[in-house]
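Single-structure report; data block below.
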Amino acid sequence: PDLARYARFTLDDPAPQARRLERLVAWRCRALALPYGDQGLLISRALYDELGGFRPLPLMEDVDLVRRLGRRRLAALPVDAVTSAERWRRDGWWRRSARNLGCLSLYFLGLPPSLIRRLYG
């Protein structure tokens, strides 16, 4: 089958909070099959077209695409996707993580992404 692949979420910060967040994201990917776009989703053009591509959402477009892919068509790559930790440093490690989790929860509860975007800031 045609698989989409994603890299390990890695932050460009040596803080212990960064390592904890990386472990939580790794768990989310394994347990929930829910990598985000900042993990470098690699999808063939054929599979992307089959899924209808990204929907025009103001937020959660990566989550929407990954959910349509489904667990069986996702595979992890043994490489890092290094992401800036600036938002976590600026907003606070727990506060930023809680905000992200809150937005994801609201999306799964069916709130429109346009409303979630206003809350996300």
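Every number in this text was worked out from the coordinates using simple rules, so none of it is lab data. As the structure is a computational prediction, the values presented were derived from the model and not from experiment. Glycine gets a Cβ as well: all are built from the backbone with ideal geometry, and neighbour counts include every protein chain shown.
Per-residue answers, yes or no, for (1) within 23 Å of Ala7 (Cβ to Cβ); (2) of a type outside the set (D, E, K, R):
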| residue | (1), (2) |
| --- | --- |
| Ala75 | yes, yes |
| Val79 | yes, yes |
| Thr83 | yes, yes |
| Arg90 | no, no |
| Trp93 | yes, yes |
| Ser97 | yes, yes |
| Tyr107 | yes, yes |
| Ser114 | no, yes |
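Does Arg55 fit the bill of being under 24 Å from Arg30 (Cβ atoms), surrounded by fewer than 17 Cβ atoms within 10 Å (Cβ to Cβ) and free of Cβ contacts under 8 Å to residues at least 12 places away in the same chain?
Values: under 24 Å from Arg30 (Cβ atoms): no; surrounded by fewer than 17 Cβ atoms within 10 Å (Cβ to Cβ): yes; free of Cβ contacts under 8 Å to residues at least 12 places away in the same chain: yes.
The answer is no for Arg55.
Which is assigned to a strand (DSSP E or B) and either over 14 Å from the mean Cα position of the chain (by Cα) or closer than 21 Å to Leu111 by Cα (or both), of Leu59, Leu34, Leu77, Leu65?
Details: Leu59 fails: assigned to a strand (DSSP E or B); Leu34 fails: assigned to a strand (DSSP E or B); Leu65 fails: assigned to a strand (DSSP E or B).
The conditions single out Leu77.
Can we say Ala33 is touching a residue at least 24 places away in the same chain (Cβ under 8 Å), touching a helix residue (DSSP H, G or I) at 6+ places or on another chain (Cβ under 9 Å), on the phi > 0 side of the Ramachandran plot and not charged (D, E, K, R)?
Values: touching a residue at least 24 places away in the same chain (Cβ under 8 Å): yes; touching a helix residue (DSSP H, G or I) at 6+ places or on another chain (Cβ under 9 Å): yes; on the phi > 0 side of the Ramachandran plot: yes; not charged (D, E, K, R): yes.
Judged against the criteria, Ala33 is a match.
Given the conditions (1) under 12 Å from Val66 (Cα atoms); (2) touching a helix residue (DSSP H, G or I) at 6+ places or on another chain (Cβ under 9 Å), and given that Leu42 satisfies all but one, which numbered condition is not satisfied?
The failed condition is (2).
Looking at (1) of a type in the set (Gly, Ala, Ser); (2) within 14 Å of the chain's Cα centre (by Cα); (3) in a loop (DSSP other than H, G, I, E, B), can you tell me which one Ser105 breaks?
(3)
Which members of region 39-52 meet the condition of being buried (at least 18 other Cβ atoms within 10 Å of the Cβ) and over 13 Å from Asp2 (Cα atoms)?
Gln39, Gly40, Leu41
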